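The numbers here are math on the coordinates, done by the rules we state, and not lab data. Note that the coordinates shown come from a computational prediction; the quantities given were computed from them, not determined experimentally. With ideal geometry, Cβ positions are generated from the backbone for all residues, glycine too; neighbour counts draw on all protein chains shown.
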Amino acid sequence: MNDFAIEKFKQLGCRSKLQMSLAFQVHLELNEVKKYWDVEYKYNEQIDCLYLTACKCKNSDATTFIPIPACQKLNFNVMNKYLELSQSVCLVICKADSTCVYYEITVGIGVPPPDVPNTSASVQSKREQLDKELQKNRKVLEESALHGIPITLKSKDKPSDSDYSD
């Protein structure tokens, strides 16, 4: 990371060297590998988040990219915090070897269907169940995303190998 980038991050208000490093890594990938347009750094003080915006094409709408380390645990509260930035954001899970895996999340995740009573206890229970499933299958999800393989996770006590086929 160069001194210019560090100074830019500090001017935005970011103090976390980890966030700076991840944002710089994603910036390089979006510019050099994915060839996105108008890649910009942004910082939100309320949620202490350094993120990027970029356009896939010259005249397209900007996408919000949030770099996070692969070791960070995600839950609905964290994802909802990120969704305060935009209706749809792309989480960029970064590994130490510079691998980046992109996951798009959208407002409405974890909201029960209209015919299900919206009690906070049932919503919280469903969120906790989904959090457990995501954590339990994290490696499979990362590998499938890395290789571009679509998968469907079926909720069972002990999933078998066939549950991960498409």
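Does the stretch 1-109 come out rounded, prolate or oblate by the C-alpha gyration tensor, with a ≥ b ≥ c the root eigenvalues, rounded set by a/c under 1.5 and, if not, prolate when a/b is larger than b/c and oblate if not? All intermediate terms of the calculation are to be shown ahead of the outcome.
Working: a/c = 1.32, a/b = 1.11, b/c = 1.19.
Rounded, because the longest to shortest axis ratio a/c is under 1.5.
Exceeding 29 Å between C-alpha atoms, which entries from my cross-link table qualify? They are Lys34/Lys126; Lys10/Lys81; Lys34/Lys73; Lys35/Lys126; Lys56/Lys136; Lys8/Lys58.
With Cα atoms farther than 29 Å apart: Lys34/Lys126; Lys35/Lys126; Lys56/Lys136.
Once label points are set 7 Å from the Cα along Cα→Cβ at both Asp61 and Val140, what is their separation, rounded to one decimal in nm?
3.3 nm
Multiplying the sequence separation of Asp38 and Gln124 by 0.36 nm and subtracting their Cα-Cα distance, what value in nm do you get?
27.1 nm
Could you pull out which residues in the stretch 56-85 have an amide N less than 18 Å from a spot 7 Å beyond the Cα of Gln46, following the Cα-Cβ vector?
64-66, 77-85
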